[in-house]
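Asks: Here it is: the structure, laid out below.
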Amino acid sequence: MKVIFIYPDLLEGAAWRGYYYSGLGILSAVLKAAGHQAALLHVTQPIARQEFLARLGALLPAEGPRLIGFSITSNMVPFLREWSGWIKAQWPEAWIIAGGVHPTLVPQETLSIPGVDLVCVGEGEGAIVELASALQENRPPSGIRNLWWKRADGSIEQNPLRPLVDLDTLPFPDRALYDYPHLHHERQGEATMMVSRGCPYACTYCCNEALREVYRGLGRPVRFRSVPLVIAELRQVLQDYTFVRRFVFDDDILPLRRDWFRDFAQAYAAEIGRPFACNLRPNLADEEIVGLLKTAGCDEVRFGIESGNDAIRNGLLNRRLSREEIFRAVDLCHRAGMKVFSFNIVGFPGETVAQMLDTVKLNAAVRADVTRVTIFYPYQRTRLYELSREQGLLTERIVTDYATDSILGFDKVQRNRVVFIRRYFPILSRLYRWAGKRAWAERLLDRILSSRLTTVTLFYAANKAYDWVRGNATLDRWAMAWRRRFFG
């Protein structure tokens, strides 16, 4: 049987061509290993109904059962709602399944979407193979663990979860499912890797705490693939895609398990020898870990700073990271000759302009080489979602990315500030880096950027200019190249 996956991957910018997402790659690999087929409709730009249906129709089998799977997070739900309606109107007999973090955390809500027939709760490798086999044999999907589905009589069958998968039992992801050489990282000679699942921390804006509750009693939520298999996959990628010069590990914390990372660093240096980037929590960055990173060939360490304001970072977000730990981690990496890439978020409930500027200032003070900034999005079953709901900040506004707007009920002035600081964060960071040793200059910047007049004039005009550039493919490519050159 042929399974068609649909991945909404729309970020700002007319030149955007999408990310590689290993979850779908693994689902495709397990399907093919079981004798099925898989294809992907990877939507990276706004799409009209006629084009969407034409592209999907070209992938669907001419006859037999049709299974179409969406992989979504919460901000992608508007796409699922609209596109599943289009599909059902064109192919009413098609089975539509939704999987990913959002359906796992709120399966009942996801299944209530009219076009959705099934949801996958938790990991989908076993469930998707059993589902494809059942539909191929014209059997209903009864009794398949991890699946909830709507019966013909309107009732819902809720099947129990299966144990968490041993990552070493999974095949390597099927990267050929994508137009792989033309994706975002790959066009820069990079390949994205995921060699683990799960995170042990309890940040209030993140879904990991809720996912651990879903998986309670089913195995260890934090798992790593064995080092020999990781090395084997890296070798396979280099063999299949000769343009790859560097790896980007998207795992939440690659050096989380010290013993595993010691073995990995040694094997990677000896057998792969390509530069790579990875995520690391600042409190885990000590001399040994940074030394292992350097020895292995890491050229960029990515830290989640998230907020430069201590009350926001450690109170609201429960990050439990002191400024001293952040400064020490960044300094260790810089002294080892590695770049520092920081993740940051603006637009939290109750966050003031001064607190957002604290994030800019902390990045300036630690001299982060590359900064990534997103606008806060409240995920269901997280503590910050509940806080946003209690404060009456949740709206029906549709926001399908983390860059263009806030879903919270801020007034126009606050929304304009959040969007401006997010978009011009690298420039602001450079300005505050220059002003860091000039108290008068920092005070002047604070006063200008906190002014309501500045918000409704400069911020408004700058945001409009940004939208204009990113809406033109040629200008957008130029802007992306300029940003990479000057801001990493």
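The values are calculated or read from the model by the stated rules, or taken from the named source; none is laboratory data. This structure is a prediction, so every number in the text was calculated from the model and none was measured. Here Cβ is always computed from backbone atoms with ideal geometry, including for glycine, and neighbour counts include all displayed protein chains. Ligands, DNA and RNA are excluded from the accessible area calculation, which covers all protein heavy atoms including side chains. Shrake-Rupley method; radii C 1.70, N 1.55, O 1.52, S 1.80 Å.
Asks: Residue by residue, what Karplus-based ³J(HN,Hα) values in Hz, rounded to whole numbers, does region 144-151 have, using 6.51, -1.76 and 1.60 with θ = phi - 60° and x for Gly and Pro?
Replies: 7, 4, 6, 9, 10, 8, 8, 6
Asks: What number does the chain give for Rg over Rh if you use C-alpha atoms and the Kirkwood radius?
Replies: Radius of gyration relative to Kirkwood radius: 0.96.
Asks: Among 321, 45, 468, whose Cα lies farthest out toward the positive end of the dipole of the chain, if unit charges sit on the beta carbon of Lys, Arg (+1) and Asp, Glu (-1)?
Replies: It is 468, whose Cα lies furthest towards the positive end.
Asks: Roughly speaking, what is the stretch gain from residue 469 to residue 63, that is 0.36 nm per residue apart minus the C-alpha to C-alpha distance, in nm to one decimal?
Replies: Working: separation 406, 0.36 × 406 = 146.16 nm, distance 4.44 nm.
Stretched out fully, the residue 469 to residue 63 stretch lengthens by 141.7 nm.
Asks: Subtract the Cα-Cα distance of residue 396 and residue 201 from 0.36 nm times their separation in residues, and report this length gain in nm to one decimal.
Replies: Contour length minus the Cα-Cα distance gives 67.2 nm.
Asks: Roughly speaking, what is the stretch gain from residue 48 to residue 223, that is 0.36 nm per residue apart minus the C-alpha to C-alpha distance, in nm to one decimal?
Replies: 59.0 nm
Asks: Something else: Hey, in the chain, which Cys have no second cysteine's beta-carbon closer than 4.7 Å?
Replies: 120, 199, 207, 278, 298, 333
Asks: Structure shown: which of 412/437; 437/464; 88/150; 32/88 lie over 24 Å apart, alpha-carbon to alpha-carbon?
Replies: Numbers: 412/437 34 Å; 437/464 32 Å; 88/150 15 Å; 32/88 26 Å.
Where the Cα-Cα span goes over 24 Å, the pairs concerned are 412/437; 437/464; 32/88.
Asks: Give the relative contact order (percent, whole number) for region 387-450; include only Cα pairs under 8 Å separated by 6+ residues.
Replies: Rounded, it is 19 percent for region 387-450.
Asks: Give me P(r) over region 265-351, computed from all C-alpha to C-alpha distances, binned every 10 Å, as integer percentages.
Replies: That works out to 17, 45, 25, 11, 2, in percent per bin.
Asks: Quick one: plug the Kirkwood hydrodynamic radius of region 110-189 (C-alpha pairs) into Stokes-Einstein at 4 °C, 1.567 mPa s, and report D in µm²/s.
Replies: It comes out at roughly 86 µm²/s.
Asks: Using a simple charge model, +1 on the beta-carbon of Lys and Arg, -1 on the beta-carbon of Asp and Glu, nothing else, what dipole does the chain show about its Cα centre, in debye to the nearest 20? Each step should come with its number before you reach the end.
Replies: Numbers: 63 positive and 53 negative charges, 309 e Å.
Magnitude of the dipole: close to 1480 debye.
Asks: With bins 5 Å wide starting at 0, give me the P(r) of region 344-488 over every alpha carbon pair, in whole percents.
Replies: Per 5 Å bin, starting at 0, the Cα pair percentages come out as 2, 9, 17, 21, 20, 16, 10, 5, 1.
Asks: Scan the chain and report its longest stretch carrying no GluC sites (Glu not before Pro) that are both in a DSSP loop and have at most 14 other Cβ atoms within 10 Å.
Replies: By the stated rule (loop sites, at most 14 other Cβ atoms within 10 Å), 138-395.
Asks: Could you check how much of the accessible area of region 202-331 is carbon and sulfur, as a whole percent, using a 1.4 Å probe?
Replies: Exposed carbon and sulfur together represent 48 percent of the surface.
Asks: Tell me the label-point distance for the pair residue 336, residue 235, using the 7 Å Cα-to-Cβ offset, in nm and rounded to one decimal.
Replies: 2.6 nm
Asks: I'd like the orientation of helix 287-296 relative to the chain: the angle between its Cα long axis and the longest Cα principal axis, in ° from 0 to 90, rounded to 10.
Replies: Tilt of helix 287-296: around 60 degrees.
Asks: Which ³J(HN,Hα) values in Hz, rounded to whole numbers, follow from the phi angles of region 304-311 under the Karplus curve 6.51 cos²θ - 1.76 cosθ + 1.60, where θ = phi - 60° and Gly and Pro get x?
Replies: Coupling constants for region 304-311: x, 7, 6, 9, x, 8, 4, 5 Hz.
Asks: Which of 34, 15, 228 sits farthest toward the positive end of the charge dipole of the chain, with +1 on the Cβ of Lys and Arg and -1 on the Cβ of Asp and Glu?
Replies: The Cα lying farthest towards the positive end belongs to 15.
Asks: Could you give each residue of region 167-180 its phi-based ³J(HN,Hα) in whole Hz, using Karplus coefficients 6.51, -1.76, 1.60 with θ = phi - 60°, and x for Gly or Pro?
Replies: 4, 6, 8, 8, x, 5, x, 8, 5, 5, 4, 8, 7, 4
Asks: Follow-up question, since we're still on this one. Amide H neighbours of residue 41 under 5 Å, at least 5 residues apart or on other chains, H built in the peptide plane: list them.
Replies: It is 5, 6, 7, by chain and number.
Asks: Could you work out [θ]222 nm for the chain from helices alone, using -39500 (n - 2.57) per DSSP H run of at least four and dividing by all its residues? Round to the nearest 500 deg cm²/dmol.
Replies: -12500 deg cm²/dmol
Asks: Follow-up question, since we're still on this one. Suppose every Lys and Arg Cβ carries +1 and every Asp and Glu Cβ carries -1, with no other charges. What dipole size does region 436-488 come out with about its Cα centre, to the nearest 20 debye?
Replies: Computed about the Cα centre, the dipole is about 200 debye.
Asks: Taking amide hydrogens as modeled 1.01 Å from N in the peptide plane, which residues meet the under 5 Å criterion relative to residue 247, leaving out close sequence neighbours?
Replies: Close amide H contacts, sequence-distant or interchain: 191, 276, 277.
Asks: If amide hydrogens are placed 1.01 Å from N in the peptide plane, which non-local residues have theirs closer than 5 Å to the one on residue 306?
Replies: 343, 344, 345
Asks: Tell me, how many Å apart are the Cα centres for region 414-482 and for region 56-121?
Replies: With region 414-482 and region 56-121 each reduced to a Cα centre, they are spaced 39 Å.
Asks: If one computes the Cα centroid of region 155-187 and of region 264-342, what distance in Å separates the two points?
Replies: Centre-to-centre (Cα) distance: 27 Å.
Asks: Right, another one. Which FRET efficiency value, to the nearest 0.05, do you get for residue 39 and residue 262 by plugging their Cβ-Cβ distance into 1/(1 + (r/R0)^6) with R0 = 45 Å?
Replies: 0.65
Asks: Continuing with the same structure: Treating only the Cβ of Lys, Arg, Asp and Glu as charged (+1, +1, -1, -1), what charge dipole size does region 264-314 show about its Cα centre? Round to the nearest 20 debye.
Replies: Details: 5 positive and 8 negative charges, 28 e Å.
For region 264-314, the charge dipole is close to 140 debye.
Asks: Now a separate question. Sticking to Cα atoms, compute the Rg of region 37-101 to one decimal and its Dmax as the biggest Cα-Cα distance, whole number, in Å.
Replies: Rg, Dmax (Cα atoms, Å): 11.5, 33.
Asks: Using just the C-alpha positions of region 159-310 as equal point scatterers, what log10 of I(q)/I(0) does the Debye formula give at each q in 0.11, 0.14 1/Å?
Replies: The Debye formula, applied to the Cα set alone, gives -0.48, -0.78.
Asks: In whole percent, what relative contact order does region 338-479 give with Cα contacts below 8 Å and a gap of six or more residues? Don't jump to the answer; show the numbers that get you there.
Replies: Numbers: 154 pairs, mean separation 33.6, N = 142.
For region 338-479, the relative contact order is 24 percent.
Asks: Sticking with this one: Expressed as an acute angle from 0 to 90° and rounded to the nearest 10, what is the orientation of the C-alpha long axis of helix 353-366 relative to the principal long axis of the chain?
Replies: On a 0 to 90 degree scale, this one is about 80.
Asks: Can I ask one more? Taking R0 as 56 Å, what FRET efficiency do you get between residue 137 and residue 324 from their Cβ-Cβ distance, rounded to the nearest 0.05?
Replies: Efficiency, from the Cβ-Cβ distance: 0.35.
Asks: On to the next question. Given 10 °C and 1.306 mPa s, compute D for region 379-461 with the Stokes-Einstein relation, Rh being the Kirkwood radius over Cα pairs; round to the nearest whole µm²/s.
Replies: D, rounded to a whole number, is 108 µm²/s.
Asks: Give me the one-decimal nm value for the distance between modelled label points at residue 214 and residue 434, 7 Å along each residue's Cα-to-Cβ direction.
Replies: 4.7 nm
Asks: Just the number, please: Stokes-Einstein D of region 15-150 in µm²/s, Kirkwood Rh from C-alpha pairs, 20 °C, 1.002 mPa s.
Replies: This corresponds to a translational diffusion coefficient of 140 µm²/s.
Asks: Using Cα pairs under 8 angstrom and six or more residues apart, how large is the relative contact order of the chain, in percent?
Replies: Result for the chain is 13 percent.
Asks: Quick one: helix 258-271 against the long Cα principal axis of the chain, what's the angle to the nearest 10°, folded into 0 to 90?
Replies: With rounding to tens, the tilt is 90 degrees.
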